[in-house]
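Worksheet: the structure to be examined is printed underneath.
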Amino acid sequence: MTLPVGRGFRMPAEWEPHRGTWLAWPHRRSDWPGKFAPIPWVYGEIARTLARHENVNVLVRDAEQRAAARKVLVAVGADRERVRFYKCPNDRSWVRDSGPIFVTAAGGERAVLDWHFNAWAKYPDWTRDDKIPAVVAADRGLPSWQPRFRNWRVVLEGGSIDVNGQGLMLTTEECLLSTVQQRNPPFDRADYEQVFADYLGVKKVLWLDRGVVGDDTHGHVDDLARFVNARTVVAVAEANEADENYQPLRDNLDRLAAMTDLDGRRLDVVTLPMPAPIVFRGTRLPASYANFYIANGVVIVPTFNDPADRVALGTLADLFPDREVVGIHCVDLVWGLGTLHCMTQQEPV
């Protein structure tokens, strides 16, 4: 079988033009124990904001959930012409990790990568989520691959990687190489790099160390550092030396400062602040401004009722002068241990 790279496929950067965004409407109350009531309204606000700029594709479990979601979207004034529902039973609503990753080729071809999903190697219920990419590929009439390496079906979550669309990828050792929540037990660094080259067109992997405190995924990079153009990375930094995030984030910034692109040039690194710790029911939550999402004409950014909100919004507005930068209140959403990037998945044109 010809691998995607052999047919000229690559994973586009998030800022490249979208056909739309995929969401999975929230239903799992245990992901937000005692705080589920506001979550559909947060999703409604996200869908309303995105639908001003691109189509929004919403996965729902059944007709009852579709009706409930439609009520929310009508109430918040979302453009219903740009919202389409798809019946697709699912376990959780973190479609960044369970949904399809699209790849494109220079001639306009598109395909879907159907990575294996096993709920972050942590939870037992994942079989419905694991079927989402196949459902989407069938609806779009697109070819798909189930990535394999040495007869192993590869586990990968979209939040564990970030690409610039031109051969560079960011990821973390904590997520992919640790024996904690180990996704692919046979794999080492070289194995992952070969998989990323074969299926995503990646030529160089930039390995960071650890993710932010409270991250249920054990080190996803999308709470940590993100490409905003081909040579610029934004990364979160903690100013308080007494905070447990301070040293790990400092170590990652030191690594980024020494990293280069495919031509050997140092990357441009811009820092984002961290909000003050958000603790709910004794749990430190993974609140991070790096969990923004880039759509056509807009960047949506998590905000946390914190003075650093305006710094983060201003920094990203400077980096995306051709897009709106819109803050979305995420103090409730982050109780589910993820925010805006975790719940969205782009579909490139």
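Each reported figure results from applying straightforward, stated rules to the coordinates on display, with no laboratory input. This is a predicted model, so every value here is computed, not measured. FYI the Cβ positions are ideal-geometry reconstructions off the backbone, even for glycines, and counts take in every protein chain you see.
Couple of notes before you dig in:
- Contact order relative to length of region 9-165, as percent, for alpha carbon pairs under 8 angstrom and 6 or more apart: 25
- Contour excess over end-to-end distance, with Cα ends at D62 and R265 and 0.36 nm allotted per residue: 68.0 nm
- Only one item in (1) 16.6; (2) 18.3; (3) 33.4 matches mean projected area of the Cα convex hull in nm² derived from the coordinates shown, and that item is (1).
- About its Cα centre, the chain has a charge dipole of approximately 1100 debye under the convention of +1 per Lys or Arg Cβ and -1 per Asp or Glu Cβ, with nothing else charged.
- Working from Cα pairs under 8 Å separated by at least six residues, relative contact order for region 4-348 is 20 percent.
- Förster radius 35 Å - calculated FRET efficiency between A258 and V76 (Cβ-Cβ, nearest 0.05): 0.20
- Potential lengthening between V279 and A230 on full extension [0.36 nm per residue; Cα-Cα distance subtracted]: 14.1 nm
- Neighbour net charge for W152 - beta-carbon separation under 12 angstrom, K R +1, D E -1: +3
- Gain upon complete extension [H329, E173; 0.36 nm per residue less C-alpha separation]: 53.1 nm
- When the pairs K35/K122; K71/K122; K87/K203 are compared against a 30 Å limit on Cα-Cα distance, K71/K122; K87/K203 fall above it.
- Where only DSSP H runs of four or more residues are counted, the chain gives -7000 deg cm²/dmol as its mean residue ellipticity at 222 nm, each run worth -39500 (n - 2.57).
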